[in-house]
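The next block holds one structure in the form of C-alpha cells; read it before the comments.
Bear in mind these aren't lab numbers, they're just calculated from the coordinates by the rules spelled out. Being a predicted model, the structure only gives us computed values, none of them experimental. No Cβ is skipped: glycine too gets one built from the backbone with ideal geometry, and neighbour counts run over all protein chains shown.
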Amino acid sequence: MTGKLLAFEWWMCRGRLAACVMALALSGGALAEDNPRDPYEGFNRSMFAVNEAVDKYAAKPVAQVYDKAVPLAVKAGVGNFFGNAGDLWIGVNSALQGKFADAGTDLGRLLVNSTIGIFGLFDVASELGLERHDEDFGQTLAVWGVSDGGYLFWPIIGPRTARDTAGWAVDSYVDPALGMRPIAIRNSLAVLRFVDIRASLLPSDTVVEEAAIDKYAYIRDAYLQRRRNQVFDGRPPRLDD
C-alpha cells in the first residue's frame, strides 16, 4: 500500500509542477519575502512541513527497512542499474552543454555497463576509468543562460529552483524507467528508486539534525551551494559581495 501511495504521489507531482511554477511566477510580488534567494519562503516552509510528515511516517521507515533487509551487494546493483539507465540522458546533456568529450565518455559508460556490466548491475565502466558525470537538463538550462528563478521546495521531490523544477520535468519525461510498460512495472521501478535514494541519505539525517538550528534553511543553503557547484563543474566564480 505504501509503495502504491508513493508512486501515485510521484506521478501527481509530475503533472502539476509546471502549473505551480507558473502560478508562483505570476504571484511573485505578493509572495516575495525578505530573502532574495528564497522569494517564496512562506510557501516553501509549508511544503517542507508536509514533506517532513510524509518522510517521518512513510518514506523514512520504508527506507530503513530496505537498508537493513537488503544486502549491500544488491543495493549497489540497484544503484548501478538506475545510474546506467540515466547515462544516455547525461550524455545528451553533456553534448547540449558543449562538453563533447564528456558526452563520449557517458555513452561509452552506457555501452560497457549495458553489456559487460549485465544491464548496468555492475559498474565495469568506472573500473575501466570511464568517469561518471552528473548532468541534467536543469544544468543545461543554466549553461544556456536561464536564471535560477527562485528557490522552491516540493513534497517528495525535495528542493529545486524554478529553473531546475522545469529541468526535472523534462528529465522525468525522458526517463526510460518512468516510461516503461506495463504500468505496474513502471510504478515498481519508481518506488524502488525512490526508496533506494532515500536509504542512501539515511547517514546524513543525523548530521543535518545535529548541525541545523533551522533545518529548512540548512537544506536550502546546502542545496543552492551544491547546485551552483554542479552548474560550474566544481569551479563556481566568486560571488559579488
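With θ set to phi - 60° and the Karplus curve 6.51 cos²θ - 1.76 cosθ + 1.60, what are the ³J(HN,Hα) couplings of segment 91-107 in order, to the nearest whole Hz, using x for Gly and Pro?
Listing the rounded values in order: x, 4, 5, 4, 5, 5, 8, x, 9, 6, 5, 4, 4, x, 5, 4, 5 Hz.
For the chain, what relative contact order do you get, as a whole percent, if you take Cα pairs closer than 8 Å and at least 6 residues apart? Please report the intermediate quantities before stating the final value.
On the way: 260 pairs, mean separation 56.5, N = 241.
The normalised contact order for the chain reaches 23 percent.
Treat each spin label as a single point 7 Å out from the Cα along the C-beta direction, and report the residue 197 to residue 116 distance in nm.
Computed distance between label sites residue 197 and residue 116 equals 2.9 nm.
Charges only on Cβ, +1 for Lys and Arg, -1 for Asp and Glu: so what's the dipole of segment 84-154 about the Cα centre, in debye to the nearest 20?
Details: 3 positive and 10 negative charges, 27 e Å.
It works out to roughly 120 debye.
Determine ³J(HN,Hα), in whole Hz, for all residues of segment 56-62 in sequence, where each value follows from phi through the Karplus function 6.51 cos²θ - 1.76 cosθ + 1.60 and θ = phi - 60°; x replaces Gly and Pro.
Values, residue by residue: 5, 9, 9, 5, 5, x, 5 Hz.
Just to check I understand the Karplus step: with θ = phi - 60° and J = 6.51 cos²θ - 1.76 cosθ + 1.60, what whole-Hz values come out for segment 119-127, glycine and proline as x?
Calculated HN-Hα couplings, in order: 6, x, 5, 10, 8, 5, 4, 5, 5 Hz.
Using amide H atoms built 1.01 Å from N in the peptide plane, name the residues 5+ places from residue 161, or on other chains, whose amide H lies under 5 Å from its own.
152
To the nearest 20 debye, what is the magnitude of the charge dipole of the chain about its Cα centre, counting +1 on the Cβ of each Lys and Arg and -1 on the Cβ of each Asp and Glu?
Numbers: 25 positive and 30 negative charges, 145 e Å.
Dipole size: approximately 700 debye.
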